[in-house]
Structures are given as structure tokens and as C-alpha cells.
Amino acid sequence: EVQLVESGGGVVQVGGSLRLSCTASGFSGFTFEDYAMGWFRQAPGLEREAVSVISSRDGNSYSADSVKGRFTISRDNAKNAVYLQMNSLKLEDTAVYFCAAAREVNTVAVGNYWRNAGGYDFWGQGTQVTVSS
């Protein structure tokens, strides 16, 4: 099945930047371009939350209010990769960041489900992002 591998996590001070990468492989029947790609994060004791998602079909992207203006999601379909550029990092950004893939269908717009972890078909193992003061 599809495998997603994240990289780029690390420790950074408040106000700093990190760029996360996720590379997908193992497609069968479908391709990377059939999937919306998203970044979720989860801190200890908290619910997993959607950070940002980007559609392949229409190119639309969606972001949580908490990261708008600071994080930018992008994808490179030729490389089967999705990225999350994180700027102006805050302490509350500390979490394990997961890459996720949701197969896009004609009948349901990504904008209707992007926040819901249950709508995603494949998940990476996560990469730790720690923001320090």
C-alpha cells in the first residue's frame, strides 16, 4: 500500500523556521495526483488536528486559523512530495507532525472534509517538531 515518509523535523527556537517534507510511494491503481495531501499534528494529551491540506484536483489549499500567515503547504506531483514551510514558529506549534493522504473523489470536495483525520486513507509515522524558548 501507499507509504508516506516525513522528514525535516527538529528543534527550533521561537520565531524560527522549519520545512517539513513528505514523500509518497507504493501506489497501485491510483497515483499521487489522485490524493489530497495534508499535514496534521498532535501534541501529548491533545487531539490530532489538521494543520494544512492541499488538493491535487483543483489546487486549493486549506489551513487552520492558528497557522494562517505562518505556514505554507505545497506539493510537487513530479516528486510525489508535499511540503510544509513553517515560519514564525511558536511554542504551541510543538507536536508530532504527520503527513496524510486522502483519495479525492468527484462527489466530495476536499474543503468539506479536510479537517477530519478519518477522511484520510494513509498516514506517515510522523516527525517531531519542537519549538523552544
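The values are calculated or read from the model by the stated rules, or taken from the named source; none is laboratory data. In this text, all values refer to a predicted model and were calculated from it rather than measured experimentally. Note that we place each Cβ from the backbone using ideal geometry, even for glycine, and neighbour counts take in every protein chain shown. What goes into the accessible areas is simple: the full protein's heavy atoms, side chains included, and nothing from ligands, DNA or RNA. Shrake-Rupley method; radii C 1.70, N 1.55, O 1.52, S 1.80 Å.
Here are the numbers:
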quantity: Test: residue in the stretch 5-15 that is of a type in the set (Ser, Thr, Tyr) and open to solvent by 30 Å² or more (accessible area, probe 1.4 Å); calculated: yes
quantity: Selected residue (only one of Lys68, Lys79 is under 18 Å from Tyr35 (Cβ atoms) and either at pLDDT 95 or above or among the acidic types (Asp, Glu) (or both)); calculated: Lys79
quantity: Search result, residues across the stretch 1-59 that are at pLDDT below 95 and in contact with a helix residue (DSSP H, G or I) (Cβ under 7 Å, 6 or more places away or on another chain); calculated: Ser56
quantity: Any chance Ser52 is farther than 22 Å from Ser133 by Cα and of a type in the set (S, T, N, Q); calculated: yes
quantity: Residue in the stretch 79-94 that is closer than 21 Å to Thr31 by Cα and not in a strand (DSSP E or B) present; calculated: yes
quantity: Residues within the stretch 20-77 that are part of a strand (DSSP E or B), under 18 Å from Gly118 (Cβ atoms) and open to solvent by 70 Å² or more (accessible area, probe 1.4 Å), tallied; calculated: 1
quantity: Subset of the stretch 82-109 that is among the β-branched types (Val, Ile, Thr) and either touching a helix residue (DSSP H, G or I) at 6+ places or on another chain (Cβ under 8 Å) or surrounded by fewer than 22 Cβ atoms within 10 Å (Cβ to Cβ) (or both) - its residue that is modelled with the lowest pLDDT; calculated: Thr107
quantity: Single residue of Asn60, Asn87, Asn77 found to be farther than 18 Å from Arg103 by Cβ and not small (Gly, Ala, Ser); calculated: Asn87
